[in-house]
Amino acid sequence: MDISDFDISQDYKKICKEDTLKDLQEKAASIVPTKLQLEWQEMELTVFLHYGMNTFSNAEWGRKGTPVSEFAAENFDPEQWIKIIKEAGFKGAIFNCKHHDGFCMWPSKYTDYSIKNAIYKNGKGDMVKEVANACKKYDVKFGIYLSPWDINEKTYGDSDAYNEYFINQLTELLTNYGDIYEVWFDGACGEGPNGKTQEYDWISIFNTIKRLQPNAVASIMGPDVRWVGNEAGKGRQAEWSAIPYGKVVTKKGEKKAYITTGGDLCGEDLGSDEVLLEQAQKDTDNILYWSPAQVDVSIRPGWFYHEMEDKKVRSLDDLLNIYYSSVGSNAQLLLNIPPDKNGRINDVDAERIEEFGRYLKRAFEKNLAKTTNTAITKEGDCYTLDIKLSEKSDINLIMLTEDITKGQKVDSFKILAKVENEYKELASCRTIGYKKILPLEKVWTDEVKIVITKSRGIPTISSFGVYNAPTLNSAVIISRDDDGYITIKASTKAAEIYYSIDNSTPKTLYTEPFLFKDSGEIFATANSKDSNLFSDKAPIVSLKVGMLKENWKVISCNSTVLGAPYKLEDMVLDNACHTMVYTGNSNPEIVFDMGKNVKAKGFIYIPITHIFDFVYNIFEYEISFSDDNEHFTVADSGRFDNIKNNPTTQEIMFKNECEGRYLKIKSIRGLDEKQVAFGKISLIK
């Protein structure tokens with residue numbers, strides 16, 4: 001029986017070895033989203049709500065055996081959450097029902113490790129229900145997050161037993177809380193090479209969703225929505241929705257067919273002509289199917305609330321860059337906003353979200369284009385769209401959309417504006433898809449031209465917009481060099497920069513780099529007098545730094561080094577964070593002589609962030625001190641929970657102040673089994 005005889009909801013095309021490039025382009029351009037996928041993408045802005053055991057245990061992934069008593073929630077105000085996000089323009093909310101720690105936020109009858117044994121409402125509470133009710137009250141769609149990895153469940157690793165447990169819990173969530181628009185499955189697992197291996201019955205899992213919530217999309221591990229490949233809020237320059245990373249499979253005894261994802265979905269290029277040809281040449285029975293991207297990112301460094309991150313909430317300009325790189329680059333934005341221990345969205349986060357929503361309303365409130373006619377003309381090998389403005393104006397933002405119900409076709413295009421009777425190129429771009437938003441250098445014009453230079457057939461532009469968005473009073477950037485000099489830069493021209501080094505409001509005028517050798521935190525802000533400013537209030541940002549490593553030397557390392565002719569000492573102690581250590585053993589370590597006795601309360605670890613190298617970061621660590629380089633005392637050991645997908649600076653405080661002349665950094669386990677990257681490490685005084 002041919003696969004086309006099966007009941008499958010998604011459109012797809014087989015990739016054949018004999019396909020020409022034209023064949024592949026036509027196949028890709030003919031694929032369109034399902035009704036659910038289209039409705040999902042049209043939501044544009046959604047939120048993640050990470051709240052649970054980790055909120056109270058100050059963790060990210062949790063630990064096995066954490067007692068229920070640590071979930072000390074007494075106050076819980078989901079209506080405050082949903083009201084805030086609704087007013088800011090977000091259309092959906094996905095609640096953390098069970099994270100990797102296994103603690104259930106609803107009274108699941110399949111485990112005792114749930115809210116029914118917590119102090120909240122004397123064990124009678126159901127936080128999933130409260131969030132679902134709040135969403136219904138404010139007309140925000142409700143979604144659920146359910147972690148496949150479960151640290152505490154005893155059946156995890158016994159594949160059949162755990163699959164039954166997981167589907168039972170999924171069934172509870174899909175039947176007791178009304179309509180659900182999205183089911184989010186995480187791909188993270190920290191078990192390691194010697195941990196438990198769980199084979200998930202994904203077909204039964206997806207079938208459960210489609211049977212109980214037919215209007216819900218299955219995300220990340222599912223066939224409906226694709227993870228963008230990072231947690232940094234970065235979309236692709238060329239984001240194709242029709243991609244060749246999938247197969248059609250059936251389950252024994254069923255006639256229904258399923259699309260499953262496969263291959264590397266984290267690469268920079270997933271759907272270009274080159275990728276299509278490469279997949280055809282492999283002859284691997286792959287198919288082309290519609291798989292829209294979702295950009296998930298947190299408003300803070302972590303995914304759960306940590307008080308120490310109150311001063312690290314993303315600035316408005318950072319959020320806008322994420323918006324342009326997600327919604328403005330053919331993806332949906334899923335922004336995590338973690339409620340605090342009081343069960344509320346913290347004031348800092350709430351203020352930033354309100355500011356974000358208010359800016360978007362102002363930026364897009366007036367389309368300067370005189371006409372909405374999207375008719376295009378063919379000029380040689382290009383297609384052109386001429387846009388007249390109602391009057392001459394400053395412009396700095398362009399928005400374009402394709403009618404993706406007819407497929408995604410535009411491969412590349414240019415934007416030009418008429419300046420002093422001549423057309424000036426403002427930008428050269430790749431794909432459009434559902435939506436493309438392009439911030440531009442401000443220009444004075446009354447005519448804009450879109451030239452589509454490459455397309456998979458006749459392009460179908462469905463709308464466009466030309467805007468003069470308000471200028472941001474942008475956040476400053478603070479850095480410290482190897483000699484200890486602090487530099488502060490503002491992106492807004494003619495801005496006055498102010499700073500402080502004593503945890504007070506920045507009031508000292510910054511004029512030039514200054515020396516700061518000690519550990520501590522620098523705070524800075526900038527004021528601009530631009531007449532088109534969105535707000536006079538600029539965000540205060542901070543940089544926490546460790547003690548300067550003036551006299552540090554590497555005196556031993558049990559590994560060879562990648563990157564010769566560089567010396568290990570130079571690579572470890574610089575600010576570039578490009579230290580790469582190849583090792584044949586599983587526990588590489590470096591010992592530093594700090595030149596004198598040093599007291600420390602904690603350490604800062606800056607991991608490798610380069611896209612090709614961050615997979616080699618330390619995952620589990622041990623840090624020790626010694627007076628004689630022979631007898632070392634362990635100061636701290638642990639793991640950087642989410643460093644694989646979110647390689648942000650880690651700040652670790654010791655339980656007790658530690659002291660010694662010699663410092664040993666040991667990798668208990670790296671993200672890669674054979675290569676470890678020792679990034680930058682400094683001590684907190």
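The values are calculated or read from the model by the stated rules, or taken from the named source; none is laboratory data. Predicted model, so just to flag it, every value in this text is computed and none were measured. Cβ placement follows ideal geometry from the backbone for every residue including glycine, while neighbour counts extend to all protein chains displayed. What goes into the accessible areas is simple: the full protein's heavy atoms, side chains included, and nothing from ligands, DNA or RNA. Shrake-Rupley method; radii C 1.70, N 1.55, O 1.52, S 1.80 Å.
Tabulated data for the structure shown
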quantity: Meets criteria (under 20 Å from the mean Cα position of the chain (by Cα) and open to solvent by less than 20 Å² (accessible area, probe 1.4 Å)) for ALA331; calculated: yes
quantity: Of residues in region 389-422 being of a type outside the set (Gly, Ala, Ser) and surrounded by fewer than 15 Cβ atoms within 10 Å (Cβ to Cβ), the one modelled with the highest pLDDT; calculated: THR405
quantity: Filter pass, PHE356 being touching a helix residue (DSSP H, G or I) at 6+ places or on another chain (Cβ under 8 Å) and under 30 Å from ARG314 (Cβ atoms); calculated: yes
quantity: Restricting region 100-117 to residues that are open to solvent by 10 Å² or more (accessible area, probe 1.4 Å) and out of contact with any Lys or Arg (no Cβ under 7 Å at 6 or more places or on another chain), the residue that is nearest to ASN54 (Cα to Cα); calculated: TYR113
quantity: Whichever residue in region 247-277 is of a type in the set (A, V, I, L, M, F, W, C) and in contact (Cβ under 8 Å) with a residue 40 or more places away in the chain and, among such residues, is surrounded by the most Cβ atoms within 10 Å (Cβ to Cβ); calculated: LEU276
quantity: Test: residue in region 153-162 that is assigned to a loop (DSSP other than H, G, I, E, B), touching a Cys at 6+ places or on another chain (Cβ under 8 Å) and under 24 Å from PHE304 (Cβ atoms); calculated: no
quantity: Filter result for the condition that a residue is among the β-branched types (Val, Ile, Thr), part of a strand (DSSP E or B) and under 22 Å from ASN230 (Cβ atoms), over ILE652, ILE618; calculated: ILE618
quantity: Long-range neighbours under 7 Å by Cβ, at least six apart or interchain, first residue among the hydrophobic types (A, V, I, L, M, F, W, C) within region 47-69, second outside any loop (DSSP other than H, G, I, E, B) and open to solvent by 20 Å² or more (accessible area, probe 1.4 Å); calculated: MET53/GLU70; PHE56/GLU70; VAL68/ASN117
quantity: Any hit, region 23-39, residues being farther than 27 Å from TYR258 by Cα, in a loop (DSSP other than H, G, I, E, B), of a type in the set (S, T, N, Q) and more than 23 Å from the chain's Cα centre (by Cα); calculated: no
quantity: Yes/no for SER291 being small (Gly, Ala, Ser), surrounded by 22 or more Cβ atoms within 10 Å (Cβ to Cβ) and touching a helix residue (DSSP H, G or I) at 6+ places or on another chain (Cβ under 9 Å); calculated: yes
quantity: Number of the exception - ILE488 against (1) at pLDDT below 90; (2) open to solvent by less than 30 Å² (accessible area, probe 1.4 Å); calculated: (1)
quantity: Pairs with Cβ under 7 Å, 6+ apart, first in region 541-557 and touching a residue at least 40 places away in the same chain (Cβ under 8 Å), second open to solvent by 40 Å² or more (accessible area, probe 1.4 Å) and part of a loop (DSSP other than H, G, I, E, B); calculated: MET547/ASP518; MET547/LYS685; LEU548/LYS517
quantity: Within region 192-261, strands (runs of 3 or more DSSP E) holding 3 or more residues that are under 24 Å from ALA161 (Cβ atoms) and modelled with pLDDT of 85 or more; calculated: none
quantity: Filter result for the condition that a residue is modelled with pLDDT of 95 or more and out of contact with any Gly (no Cβ under 7 Å at 6 or more places or on another chain), over PHE103, PHE76, PHE71; calculated: PHE71
quantity: Filter result for the condition that a residue is free of Cβ contacts under 8 Å to residues at least 24 places away in the same chain and under 20 Å from ASN646 (Cβ atoms), over GLU351, GLU309; calculated: GLU309
quantity: Qualifying residue in region 30-44 (condition: crowded, with 20+ Cβ neighbours inside 10 Å and farther than 18 Å from LYS141 by Cβ); calculated: yes
quantity: Residue that is nearest to LYS392 (Cα to Cα), among those in region 423-433 that are open to solvent by 30 Å² or more (accessible area, probe 1.4 Å) and among the hydroxyl-bearing types (Ser, Thr, Tyr); calculated: TYR423
quantity: Residues that are crowded, with 18+ Cβ neighbours inside 10 Å, hydrophobic (A, V, I, L, M, F, W, C) and over 17 Å from ASP296 (Cβ atoms), drawn from region 57-69; calculated: ALA59
quantity: Meets criteria (part of a loop (DSSP other than H, G, I, E, B) and without any contact (Cβ under 8 Å) to a residue 60 or more places away in the chain) for ASP186; calculated: no
quantity: Residue, most open to solvent (accessible area, probe 1.4 Å), within region 669-685, restricted to residues that are modelled with pLDDT under 90 and not in a loop (DSSP other than H, G, I, E, B); calculated: ARG669
quantity: Residue selected from region 344-369 under the condition open to solvent by less than 50 Å² (accessible area, probe 1.4 Å) and assigned to a loop (DSSP other than H, G, I, E, B), by the criterion nearest to LEU389 (Cα to Cα); calculated: LEU368
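Conditions (1) buried (at least 19 other Cβ atoms within 10 Å of the Cβ); (2) part of a helix (DSSP H, G or I), marked per residue:
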site	(1), (2)
GLY302	yes, no
ASN321	no, yes
THR371	no, no
TYR383	yes, no
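For every residue, the table says whether it meets (1) aromatic (Phe, Trp, Tyr); (2) at pLDDT 95 or above; (3) surrounded by fewer than 17 Cβ atoms within 10 Å (Cβ to Cβ); (4) within 21 Å of ASP101 (Cβ to Cβ).
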| position | (1), (2), (3), (4) |
| --- | --- |
| TYR621 | yes, no, no, yes |
| SER624 | no, yes, no, no |
| ASP627 | no, yes, yes, no |
| GLU630 | no, no, yes, no |
| VAL634 | no, yes, yes, no |
| ARG639 | no, no, no, yes |
| THR648 | no, no, no, yes |
| ASN656 | no, no, yes, no |
